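J.: Here it is, the structure, as structure tokens.
The values are calculated or read from the model by the stated rules, or taken from the named source; none is laboratory data. Given the structure is predicted, the values throughout are model-derived calculations rather than measurements. Reconstructed Cβ throughout: ideal geometry from the backbone, glycine too, with neighbour counts over all protein chains shown.
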Amino acid sequence: MQRRRVSLIFLFIVGMLQIHWATATASSDAFPSRKTYENQEYRLFALATLDVTIFAFEVYKVGIYSALPRENLEKTENFTQPIFVQIKFSREIEKEKLAKSWVSDLKKACQKNCIPILDEAKIIANALQDVKENDLFIYHLAKDKVTIKHNDRLVGELKSEFSSKAVLNAFVGDGAPSDLREDLLKDALERRGTNPKK
């Protein structure tokens, strides 16, 4: 596959590494097509895998779920229904690298009301723990806040206006790396096309 440079929340690989997003062809056990979160059913919108090409290892998978029918991902930005983003890590990451990358990538994705969002993000970053292989992170995006969990542990909440938009923007919005955005949107369209009920 073509090598690409991307930046994403929780990206711990720094420097000039060549990396690429590979659109996932099937969900793993951690990414079923339907999932229940806080008593509400969600459906898998898109799934992508991050690989570091020159070292040939997988970093993590990202799945976007929504309570909405499968439409174009941009239509979720008003958050009339909540969505969540799940990340499953394939590598261990130290909390210091995790915190630095998380704040940096959120800063790149934010477009409105960024100062209070980043102030909250810095507080949450201090509460992050080391990531182990197979750990899960979940962003639950609602209209008024973003809830962040590491496995089942509550890490914190972003409650500033436009927080949900900033987080979603890091994956599929104008602030996302173009290759990442294209791969997730492509996977969303393929999933929609293969199942007429979606």
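J.: Quick one: in segment 107-129, which of the residues that are under 14 Å from Asn169 (Cβ atoms) and not charged (D, E, K, R) is nearest to the chain's Cα centre (by Cα)? Quick ask: steps written out before the conclusion?
T.: Keep residues of segment 107-129 that are under 14 Å from Asn169 (Cβ atoms), which gives 107-114, 117-118, 121.
Remaining after also requiring not charged (D, E, K, R): 109-111, 113-114, 117-118, 121.
Details: Ala109: 12, Cys110: 14, Gln111: 17, Asn113: 20, Cys114: 19, Ile117: 17, Leu118: 17, Ala121: 15 Å.
Among those that are under 14 Å from Asn169 (Cβ atoms) and not charged (D, E, K, R), it is Ala109.
J.: Let me spell it out: the conditions are (1) under 30 Å from Leu189 (Cβ atoms); (2) modelled with pLDDT of 85 or more; (3) crowded, with 16+ Cβ neighbours inside 10 Å; (4) not acidic (Asp, Glu), and Arg70 meets all of them except one. Which number is the exception?
T.: If we test Arg70 against (1) under 30 Å from Leu189 (Cβ atoms); (2) modelled with pLDDT of 85 or more; (3) crowded, with 16+ Cβ neighbours inside 10 Å; (4) not acidic (Asp, Glu), just (2) comes out false.
J.: Quick check on this structure: which one of Lys61, Lys143, Lys75, Lys149 is modelled with pLDDT of 95 or more, closer than 23 Å to Arg34 by Cβ, out of contact with any Asp or Glu (no Cβ under 9 Å at 6 or more places or on another chain) and of a type outside the set (Val, Ile, Thr)?
T.: Details: Lys61 fails: modelled with pLDDT of 95 or more; Lys143 fails: modelled with pLDDT of 95 or more; Lys75 fails: modelled with pLDDT of 95 or more.
That would be Lys149, the only listed residue that is modelled with pLDDT of 95 or more, closer than 23 Å to Arg34 by Cβ, out of contact with any Asp or Glu (no Cβ under 9 Å at 6 or more places or on another chain) and of a type outside the set (Val, Ile, Thr).
J.: Another question, if that's okay. Checking the conditions here, which among Lys88, Lys122 is in contact (Cβ under 8 Å) with a residue 12 or more places away in the chain, surrounded by fewer than 16 Cβ atoms within 10 Å (Cβ to Cβ) and not in a loop (DSSP other than H, G, I, E, B)? Spell out the reasoning first.
T.: Details: Lys88 fails: surrounded by fewer than 16 Cβ atoms within 10 Å (Cβ to Cβ).
None of the others qualify; the one that does is Lys122.
J.: Could you please find all residues in segment 78-97 being over 13 Å from the mean Cα position of the chain (by Cα), hydrophobic (A, V, I, L, M, F, W, C) and modelled with pLDDT of 90 or more? Quick ask: steps written out before the conclusion?
T.: Initial filter on segment 78-97 (over 13 Å from the mean Cα position of the chain (by Cα)): 78-82, 90-97.
Subsequent filtering for residues that are hydrophobic (A, V, I, L, M, F, W, C) retains 79, 93.
None - no residue of segment 78-97 is over 13 Å from the mean Cα position of the chain (by Cα), hydrophobic (A, V, I, L, M, F, W, C) and modelled with pLDDT of 90 or more, so the list stays empty.
J.: Can you work out which of the residues in segment 144-179 that are more than 19 Å from Leu118 (Cβ to Cβ) and either crowded, with 22+ Cβ neighbours inside 10 Å or free of Cβ contacts under 8 Å to residues at least 40 places away in the same chain (or both) is nearest to the chain's Cα centre (by Cα)?
T.: Val172
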